[in-house]
Amino acid sequence: MDQKILDYFRQLLESELNRLLDDAGTTVFELITTTVENEPDPLDRATQELDRNSRYQIRSRESRLIKKIRESLAAIEDGSYGICEDCEEPISIERLKARPVTRFCIVCKRRREQFEKAIGY
């Protein structure tokens with residue numbers, strides 16, 4: 001992969017990483033500064049709890065994405081970005097544009113998904 005394409009993906013990944021980190025910081029600030037209200041209405045408390053749990057789930061998924069982005073940035077630095085970890089063939093640019101943190105070409109990813117489906121994973 002040439003340097004211009006690597007720079008494009010590096011910038012794309014860094015931009016997404018910064019956005020996710022900003023969002024995470026905002027959520028932490030909101031959770032810290034939010035006072036616990038003693039709402040007498042059980043429905044209001046349940047709604048607040050559901051909202052809080054939803055935010056935790058979103059941040060959990062984003063945390064895993066942050067890890068993948070950092071791994072992808074490290075792969076750009078060590079020269080392994082865009083190479084499938086299974087077959088060691090180049091991953092198509094189209095696939096990388098769709099999923100910049102992917103570690104597998106489409107053929108290997110489909111094979112993995114079929115295997116996971118077969119074993120009920």
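Some observations on this one:
- Of Asp78, Asp44, Asp23, the residue with the greatest mean-square motion in the GNM of the chain, using alpha carbon springs below 10 Å, is Asp44.
- Whole-Hz ³J(HN,Hα) from phi, Karplus 6.51 cos²θ - 1.76 cosθ + 1.60, for the range 103-114, glycine and proline x: 10, 10, 5, 5, 5, 5, 5, 4, 4, 5, 5, 5
- Under 5 Å, built H, 5+ apart or other chain: amide partners of Ile83: Ile91
- Rounded tilt (10° steps) of 3-33 against the dominant C-alpha axis of the chain: 10 degrees
- Degrees, to the nearest 10: 42-78 long Cα axis against longest axis of the chain: 20 degrees
- Label-point gap, in nm, between Leu73 and Ala98 - each point 7 angstrom along Cα→Cβ: 2.6 nm
- Loop-located GluC sites (Glu not before Pro) in the range 34-121, at most 13 other Cβ atoms within 10 Å (DSSP): Glu37, Glu85, Glu88
We did not get these values from a lab; they are worked out from the coordinates using the rules stated. Predicted model only: the values in this text are computed from it and were never measured. So basically every Cβ, Gly included, is an ideal-geometry build from the backbone, and we count neighbours across all protein chains shown.
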